[in-house]
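The values are calculated or read from the model by the stated rules, or taken from the named source; none is laboratory data. Just so you know, these numbers come straight off a predicted model, no measurement behind them. Cβ atoms come from the backbone with ideal geometry, glycine included; neighbour counts cover every protein chain shown. These area figures cover heavy atoms from the full protein model, side chains too; ligands, DNA and RNA do not enter into them. Shrake-Rupley method; radii C 1.70, N 1.55, O 1.52, S 1.80 Å.
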Amino acid sequence: MFSIVGITAYQSGSSSPLADLETVDLVSIVTSGIYLVAELVCVVVIGRWIYRVNKNAWQISDAMTVSPGWSVGFFFIPILNLFRPFTGLRETWQVSHAPADAQDVPVPAIMRLWWAGWLILGVFGQLSFRLSLRAETLEDLLEVAWVDIVATPFDFITGLALLWIVRRLTETQSHLRDHSVFE
């Protein structure tokens, strides 16, 4: 958002400090660095959580087909990352709710919402990345910034859906643990 304000101020000839493109560039670099660090922390934390809940599900049912390692690893493999991570989390959800009858457990709509948001964000991310690679003018940079802004509500909703999934699945597995299912 800051980039849009700064570039627009510069283009209109404003004498505002926001019109200084070096300031806009510096703020963009710093905020991008902070965002990158936060993103990496989230990847590690959520990856560890997915691994752990999947491992727990393996301990209570033979219905699992996606291993703990692959439940995380599939996020990083092109093509497979479009559907296999969802399969792993879906199986984990189902087994955690009914170890003996996992296939009969419905997948909550919010899990599908999370996955749809994840895929949509992947499209926005690719679009933003590719536009930024070919950006040569201020208008091109504005276009990239607008793509990122349009993606923001999807990011927010996807994050909230994931938090709901984490909370519910953790509670379910904690309840199982309290009843001595896990060693």
Failed condition for residue 32, given (1) open to solvent by less than 90 Å² (accessible area, probe 1.4 Å); (2) within 19 Å of residue 159 (Cα to Cα); (3) under 16 Å from the mean Cα position of the chain (by Cα), with all others met? (3)
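To keep it simple, each residue is scored yes or no on (1) touching a Lys or Arg at 6+ places or on another chain (Cβ under 8 Å); (2) of a type in the set (Gly, Ala, Ser); (3) surrounded by fewer than 13 Cβ atoms within 10 Å (Cβ to Cβ); (4) closer than 17 Å to residue 54 by Cα.
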residue	(1), (2), (3), (4)
103	no, no, yes, yes
112	no, no, no, no
121	no, no, no, no
134	no, no, yes, no
166	no, no, no, yes
Considering only residues that are farther than 19 Å from residue 49 by Cα and assigned to a helix (DSSP H, G or I), which ones fall in segment 64-90? 80, 82
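Just to be sure before I move on: is residue 38 closer than 30 Å to residue 177 by Cα and part of a helix (DSSP H, G or I) in the structure I sent? Spell out the reasoning first.
Details: closer than 30 Å to residue 177 by Cα: no; part of a helix (DSSP H, G or I): yes.
When the stated conditions are applied, residue 38 does not pass them.
So, residue 88, is that one surrounded by 15 or more Cβ atoms within 10 Å (Cβ to Cβ) and modelled with pLDDT of 95 or more or not? Walk me through it before giving the result.
Values: surrounded by 15 or more Cβ atoms within 10 Å (Cβ to Cβ): yes; modelled with pLDDT of 95 or more: yes.
Considered against the rule, which asks whether it is surrounded by 15 or more Cβ atoms within 10 Å (Cβ to Cβ) and modelled with pLDDT of 95 or more, residue 88 comes out as yes.
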Go through segment 50-64 and give me each residue that's open to solvent by 90 Å² or more (accessible area, probe 1.4 Å) and free of Cβ contacts under 8 Å to residues at least 40 places away in the same chain. 51, 52, 58, 62
Give me the pairs, please: first residue somewhere in segment 140-162 and open to solvent by 70 Å² or more (accessible area, probe 1.4 Å), second residue anywhere and β-branched (Val, Ile, Thr), beta-carbon distance under 8 Å, and either six or more positions apart or on two chains. 141/7; 146/4; 154/120
For segment 91-101, how many residues meet the condition of being assigned to a helix (DSSP H, G or I) and open to solvent by 10 Å² or more (accessible area, probe 1.4 Å)? 4
